[in-house]
Amino acid sequence: MIRVRLEPWGAWARVPEHGLVAIDLEARNALFPQVAATPERPLPPSPSLVDARLALAPAPLEVHLAVTGRCGTGCPSCYLDATPEGAEPTFDELLRALDAIARSGAFVVAFGGGEPTLRSDLGELAREAKARGLSPVVTTSGLLLSTEKRARLRDFDGVNVSLDGVGETYARLRGLDGAADALDTIRALASGGTSVGVNVVLTRTTLPSLTTTLDAAASAGANRAQLLRFKPGGRVRTRIDYLAQRLDPQAVLDFPDLLRALTRRYRDRLSIRIDCAMVPWLSEDAELASRADDLKRLGVLGCEAGRHLAAVSSRGRLSPCSFLPDTPAPVEGLADRPAESHAATGACATCTLSEICRGGCRAVSDATTAGTGGPDAECPRVRRLARQKDEPGAAR
Amino acid sequence: MSGREGSPPIETGLENKPDRDPGAGVLVYRAGTSANCSSVGSSVDLLFVTAAVGGAIFAAAMAALASSKVTIPDDDAPAPDDGEPKAPERDP
């Protein structure tokens, strides 16, 4: 059964074997004549129509739900500073959160933490999400998982295992050599038919061995690689910690070519995915900067915080994304979030990708610009224009 | 919007205009499973092969949508009461 969300401009649907698909009004009318609408008469009333009137955020497509704040791994770069004593919502509280997420019109609920597999009711929660029409996915370290815990993961539509490296790289990052264990989890899940991906945070430590990491993941049966930008927050306590690990400017400039190379290398083995914070890194690539319409049509989204994305913390509070602070609003307020605006100013004003990128990662910007709200200072285009402005004789 | 699966399943049938490209109605195609707890993930490999296969992928998605049973949740949001609906301010 495919769930469809009507919108004034057409509809969103989650199509098995494909993903999230937005169709225009003409296609919607052809496919679903029972609920046909026209631009002049976009009936029936849809949440998005009400949103447009009340300046609310668009209904989320995906909501990240922290099902626990507990984790015993103690990774130095944890963005949440999760500990074994972290807060953990009750099963009933999570059911209420799932109710609110379903009511909001979201399609995907991404379970995170903390370490979600510490919950003994994880499989049941996944089934409860499905019963509400949601597609549940989950991220785990994959460490120390018994056969029983791995079985709980099979109720999810997708599982991502954090794998920032193998061997020495993994040990250096996490303080223990758990890569073999994480790869065992991938192997066990994939052989059981679960769709498994790996999350790799790109840092100065992980980038040099990226293909070694992805080779191991592909061999173990992973079918996708989610590359993540390193972001300040949680246990990355100081700006110095962050600056020491973030990619250097040349690596950022080379990033589009890295994506091309990875696409060639892993064709038919791994789908290569980037996170929303990496979209600014495409802006100095001549080919990609000229293909804004293609990026948009393929759903390569920049900052969607507070728009198509929302997050619920382990304390049941809403935030625009997992990296931004909680708001006082409880999860029940999901359908009433204020719209997040993005004004394309400064370097963004003349960027062809501005509409998609939406100014880059707010979590990074807030940390690196002391909350002044400027564009993402690590965007290579922002860097170049700032450099040109500072050159002697440059127009001010 | 209600999360209730309130409407009975609707059998779909693609009745597009014959001269329309089958995938033309796809505004956005976000491939794959987003199993990432911290950020929105987007598949980028399609970007580098889309010129060759993009149209076929969009058409396949439309065909899958057309041949599947769908459910359209009931909408219990209050209808606007201040005149004609405005044009949508955003596209996806």
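The values are calculated or read from the model by the stated rules, or taken from the named source; none is laboratory data. Quick caveat, the model's predicted, so the values are computed rather than measured. Note: ideal-geometry Cβ built from the backbone for every residue, glycine included; neighbour counts use all protein chains shown. With ligands, DNA and RNA removed, areas are computed over all heavy atoms of the protein, side chains included. Shrake-Rupley method; radii C 1.70, N 1.55, O 1.52, S 1.80 Å.
Here is a check on your reading of the model: is A:SER209 open to solvent by 20 Å² or more (accessible area, probe 1.4 Å), of a type outside the set (A, V, I, L, M) and touching a Gly at 6+ places or on another chain (Cβ under 8 Å)? So that I can check it myself, show each step before the final result.
On the way: open to solvent by 20 Å² or more (accessible area, probe 1.4 Å): yes; of a type outside the set (A, V, I, L, M): yes; touching a Gly at 6+ places or on another chain (Cβ under 8 Å): yes.
Yes: the conditions hold for A:SER209.
Please determine, by comparing only the residues of region A:161-178 that are open to solvent by 40 Å² or more (accessible area, probe 1.4 Å) and not in a loop (DSSP other than H, G, I, E, B), which one is farthest from the other protein chains (Cβ to nearest Cβ). Break it down into steps so the answer makes sense when it comes.
Looking only at region A:161-178, we keep the residues that are open to solvent by 40 Å² or more (accessible area, probe 1.4 Å), and these are A:168, A:172, A:175-177.
Then drop every residue that is not not in a loop (DSSP other than H, G, I, E, B), which leaves A:168, A:172.
Values: A:GLU168: 25, A:ARG172: 21 Å.
Among residues in region A:161-178 that are open to solvent by 40 Å² or more (accessible area, probe 1.4 Å) and not in a loop (DSSP other than H, G, I, E, B), the one farthest from the other protein chains (Cβ to nearest Cβ) is A:GLU168.
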* Filtering region A:9-29 down to residues that are open to solvent by less than 10 Å² (accessible area, probe 1.4 Å) and over 23 Å from the mean Cα position of the chain (by Cα), which residue is nearest to the other protein chains (Cβ to nearest Cβ)? -> A:ALA27
* Go through region A:143-160 and count every residue that is outside any strand (DSSP E or B) and within 14 Å of chain B (Cβ to nearest Cβ). => 5
* Asked: Which one of the conditions (1) among the aliphatic types (A, V, I, L, M); (2) touching a residue at least 40 places away in the same chain (Cβ under 8 Å); (3) more than 20 Å from A:ASP92 (Cβ to Cβ); (4) in contact with a helix residue (DSSP H, G or I) (Cβ under 8 Å, 6 or more places away or on another chain) does A:LEU298 fail to meet, given that it meets all the rest?
  -> (2)
* Specify the residue that is surrounded by the fewest Cβ atoms within 10 Å (Cβ to Cβ); the eligible residues are those in region A:60-105 that are under 27 Å from A:CYS303 (Cα atoms) and β-branched (Val, Ile, Thr). => A:THR68
* To do: Select from region A:308-324 the residues that are in contact with a helix residue (DSSP H, G or I) (Cβ under 9 Å, 6 or more places away or on another chain) and without any contact (Cβ under 8 Å) to a residue 24 or more places away in the chain and write down the one among them that is surrounded by the fewest Cβ atoms within 10 Å (Cβ to Cβ).
  => A:ARG317
* Structure fact -> Selection from region A:285-302 of residues open to solvent by less than 50 Å² (accessible area, probe 1.4 Å) and either at the interface with chain B (Cβ under 9 Å from one of its Cβ atoms) or part of a loop (DSSP other than H, G, I, E, B) (or both) yields A:ASP285, A:LEU288, A:ARG291, A:LEU295, A:LEU298, A:GLY299, A:VAL300, A:LEU301, A:GLY302
* Structure fact -> Per the list (1) of a type in the set (A, V, I, L, M); (2) crowded, with 24+ Cβ neighbours inside 10 Å; (3) at pLDDT 70 or above, residue check on B:ALA60 breaks on (2)
* Asked: If only one of A:LEU247, A:LEU282, A:LEU270, A:LEU324 is more than 18 Å from the chain's Cα centre (by Cα) and more than 8 Å from chain B (Cβ to nearest Cβ), which one is it?
  -> A:LEU247
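Which fully enclosed helices (runs of 4 or more DSSP H) of region A:183-260 have 3 or more residues being without any contact (Cβ under 8 Å) to a residue 60 or more places away in the chain and among the β-branched types (Val, Ile, Thr)?
Working: elements: A:210-220, A:239-245, A:249-253.
In region A:183-260, the matching helices (runs of 4 or more DSSP H) lie at A:210-220.
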* Structure fact -> Scanning region A:133-151 for residues that are crowded, with 20+ Cβ neighbours inside 10 Å and either among the β-branched types (Val, Ile, Thr) or within 19 Å of A:HIS64 (Cα to Cα) (or both) gives A:LEU134, A:SER135, A:PRO136, A:VAL137, A:VAL138, A:THR139, A:THR140, A:SER141, A:GLY142
* Structure fact -> Of (1) more than 20 Å from the chain's Cα centre (by Cα); (2) over 28 Å from A:ARG267 (Cβ atoms), A:THR212 satisfies every one except (2)
* Asked: Scanning for something more than 7 Å from chain B (Cβ to nearest Cβ) and either modelled with pLDDT of 90 or more or in a loop (DSSP other than H, G, I, E, B) (or both), does region A:48-56 turn up at least one residue?
  -> yes
* Could you tell me whether A:LEU122 is open to solvent by less than 10 Å² (accessible area, probe 1.4 Å), under 19 Å from the mean Cα position of the chain (by Cα), under 19 Å from A:LEU189 (Cβ atoms) and more than 12 Å from chain B (Cβ to nearest Cβ)? => no
